[in-house]
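Only the coordinates and a few stated rules stand behind these numbers; no lab work does. Quantities reported herein were computed from a predicted structural model and do not represent experimental measurements. Backbone-built Cβ (ideal geometry, glycine too); neighbour counts: all protein chains shown.
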Amino acid sequence: MTARAMADFLRSRRDRLRPADVGLPGGGRRRAPGLRRAEVAMLAGISPDYYMRLEQGRTIRPSPSVLDALARALVLSDDERGHLYRLAGDEPAPLVPSGGPVDAGVLRLLDVIGGVPAYVTNGRLDVLAWNRLATALLPGLAEMPAERRNMLRFALCDPRARDFYLDWERVARHGIAQLRTATGRDPGDPANEALIRELAGASPRFGEWWERQDVRGPGTGRKEYRHPVVGRLSLDYVGMVLPGTVDHQFVTLTAAEGSPSQAALDELAAGL
């Protein structure tokens, strides 16, 4: 590994990004261009101290999962990702494309955590896989044709969505920002372009929010639902890009132990 070369490369990629490029607020004065080290560490899910040591050129051999996390955090192209791997003394594993199959191990994980609603999407929020409790929670998920099974399409085009999501506008705008990120990752992708055209024609709000140029990736937060069977739920979501994929996102939805929302999830699970 050429530690100094990797340090210089990481710093150059960090300097070229602005907070808005990765969905972060841009307020406050900055002494230098680009993202802060702590911001890159947060986006990559590693400690600030570990990232600082990488940029200082100390002899550290990052694991492939860390390299992939850094590639996503720094919005690296496929060529840049490969270069980062080689600087670390490794060869990059091939990425599963956006429309590629979900790994068998991930499918097993969905089943194992059957008491937690979980699903996998790609960057434009097509739902690629899910577990049974996710179908009980999310209206019509299993019944949707595969080519129509998209979370943003549901939010903007399904009449049930505005009642189901208590904070519908925030959910819709986040989804649009994720679609914007997907188009930046793969400009001109026919499936992305077709979805944009469809949503622009079906939803008056889509065009307004699309023009804001917001970009977001998967993250964490809380969603409030009004479920037709069990009523109101407040669930914490975690979205993680799966290693070895371009944009497959593993999403889980959990409730606080002993809360009314957990009782509601238990009721849904009992009915399966």
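As a length-normalised measure over Cα pairs under 8 Å and 6 or more apart, the relative contact order of the stretch 39-96 settles at 29 percent. By DSSP, the beta bridges lying fully in the chain are antiparallel in about 95 percent of cases.
Charges only on Cβ, +1 for Lys and Arg, -1 for Asp and Glu: so what's the dipole of the stretch 69-225 about the Cα centre, in debye to the nearest 20? Walk me through the numbers before you get to the answer.
Details: 21 positive and 22 negative charges, 90 e Å.
With Lys and Arg at +1 and Asp and Glu at -1, about 440 debye.
As a rough footprinting exposure proxy, the listed residues Trp168, Trp130, Trp210 were ranked by other beta carbons within 10 Å of their own, and the order from fewest upward is Trp168, Trp210, Trp130. Computed over the stretch 3-87, relative contact order equals 36 percent, with contacts defined as Cα pairs under 8 Å that lie 6+ residues apart.
Please report the relative contact order for the stretch 104-270, taking Cα pairs under 8 Å with a sequence separation of at least 6, and give it as a percent rounded to a whole number. Kindly include the intermediate steps, with their values, before the conclusion.
Working: 249 pairs, mean separation 39.1, N = 167.
Reported relative contact order: 23 percent.
Values (1) 27, 22, 18; (2) 31, 26, 16; (3) 34, 21, 18 are given for comparison; semi-axes √(5λ) of the Cα gyration tensor in Å, derived from the coordinates here, is the one labelled (3).
May I ask you to list the trypsin sites (Lys or Arg not before Pro) in the stretch 141-199 that are in a DSSP loop and have at most 10 other Cβ atoms within 10 Å of their Cβ? Show your work: numbers first, answer last.
Values: sites: Arg148, Arg149, Arg153, Arg160, Arg162, Arg170, Arg173, Arg180, Arg185, Arg197; in loops: Arg149, Arg160.
Sites meeting the loop and neighbour criteria: none at all.
Summary: within the chain, the longest segment free of GluC sites (Glu not before Pro) located in DSSP loops with at most 14 other C-beta atoms within 10 Å is 1-142.
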